[in-house]
1. For the pair Lys330/Lys288, report the inter-label distance in nm, with labels modelled 7 Å from Cα in the Cβ direction.
2. Given the peptides 213-226, 125-138, arrange them by the average over their residues of other C-beta atoms within 10 Å, most packed first.
3. Between Val226 and Asp146, what length comes free when the chain is fully extended (0.36 nm per residue of separation minus the Cα-Cα distance, one decimal in nm)?
4. Compute the distance in nm between two label points, each set 7 Å from the Cα along the Cα-to-Cβ direction, one at Met183 and one at Arg116.
5. Report Rg (one decimal) and Dmax (nearest whole number) for region 86-331, counting Cα atoms only, units Å.
6. When averaged across all projection directions, what area in nm² does the alpha-carbon convex hull of region 74-148 cover?
7. Treat each spin label as a single point 7 Å out from the Cα along the C-beta direction, and report the Glu157 to Asn270 distance in nm.
8. Using θ = phi - 60° and the Karplus relation 6.51 cos²θ - 1.76 cosθ + 1.60, list the HN-Hα couplings for region 293-308 in order, rounded to whole Hz, with x at every Gly or Pro.
Amino acid sequence: MLMKAIIITILCTLPAVFCVRCYQCASSQDSKGEDNCGAYKRFDKESHIAVECFSDESHMPGSFCMKLTQQGPKGFISIMSFREKVVIVTGASSGIGAAIAVKFAEQGASVVLTARNQARLKEVADKCGNYGAKHCIIIADLTKKDEIGKIVATTVERFGKIDVLVNNAGIAGRASIWEANAMELYDTIMATNLHAVVYLTSLAAPHLIKTKGNIVNISSIAAVNVIKPEQFAYCTSKAGLDHFTRSAALDFASKGVRVNSINPGPVETNIAQCLGDRQGEFWNMMQKMTALGRLSDSEEIADLVLFVASDKAKAITGSSYITDNGLLLKRGA
Ligand SMILES: NC(=O)c1ccc[n+]([C@@H]2O[C@H](COP(=O)([O-])OP(=O)(O)OC[C@H]3O[C@@H](n4cnc5c(N)ncnc54)[C@H](OP(=O)(O)O)[C@@H]3O)[C@@H](O)[C@H]2O)c1
């Protein structure tokens, strides 16, 4: 016991580590408020990963610790820390983009939130602020080139660099090719879902090369399968996005920058707003189309984005990750 106390005291004085009682037992305190197991871990201060565990074999090095410092998120810290990273999220005012921005903030990133709706962006930015994350709102319409330029310029001016670019903003819309509004819809969808991504990527490229950062594009299962009629514009934009992902990944590879896409199936967000009252009906139908009989929520997509953007995914580039509750599987696609 005396020996253990001496070891803990020595370890706690080392600059790179700190010691805490084993978090696995934090909830099982006895009546005196003492931990039951008495195990101690030594944590790397940067990664918050246990580098050594003593007193009990069941608490292995390599597991995570509780956040004990004052900065950043409270509670569980994952291995995908984004502290000191600057992340741009387009379409951060709603749905999947909002969830992505908040998750990055939770993991310590400085987050740049961009979209058109200022009030909604402010709400999401406040959530990011709750995690102590630095953040910045940029109001920009991605169909306008000068406004896309503003995103990169403001980010670099404010934070000095770009580590991760998440091209998430996107719109859907229905029309068959022969309908009167088809070409107008096509132009708007292509401008938002594809041209803006290519343009923003090109402007961000020198900064991503400097940081050896990475890009995550939010595509769709519509890139690989035409799920419903009247979706030619959306499907074409997402198929183009997947191919752009692969092409850019090859170009960027020699510079140490990775590019990937995430291809969700149905995720209940505002994207179906154009359907008005029929939104509920639409999501019910989509749910029935999945093999797992469920819709995803935006946080599930955000989790995958963070993984792909993290160093854990350092070997992954030019990939498209389908997360669709087995919708394509059920269709035999
Ligand atoms: N939900 C799904 O089932 C699903 C499935 C597969 C893929 N996706 C993809 O996921 C991405 C996010 O969609 P979501 O479901 O989260 O939809 P959402 O809730 O409607 O969010 C779309 C976001 O894009 C932004 N946006 C749209 N047009 C823009 C423009 N011209 N300039 C700047 N920002 C613009 C919107 O912001 P403002 O309106 O404030 O500008 C909003 O933040 C999209 O690329 C979508 O294609 C969604």
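1. Distance between the two pseudo-spin positions: 1.0 nm.
2. Details: 213-226: 23.7, 125-138: 18.3.
Packing order, densest peptide first, comes out as 213-226, 125-138.
3. Numbers: separation 80, 0.36 × 80 = 28.80 nm, distance 3.30 nm.
Going from the current span to full extension adds 25.5 nm.
4. The two pseudo-label positions are separated by 2.2 nm.
5. Calculated on Cα positions, Rg and Dmax stand at 17.1, 51 Å.
6. Values: hull surface 19.5 nm².
With the hull built on Cα positions only, its mean projection is 4.9 nm².
7. Result: 2.6 nm between the two label points.
8. With coefficients 6.51, -1.76 and 1.60, one gets x, 8, 9, 8, 9, 4, 5, 4, 5, 4, 4, 5, 4, 5, 4, 5 Hz.
Every number here is computed from the coordinates shown, using simple stated rules; none is lab data. Computed from a predicted structure; not experimentally measured. We place every Cβ from the backbone using ideal geometry, glycine too, and count neighbours over all the protein chains shown.
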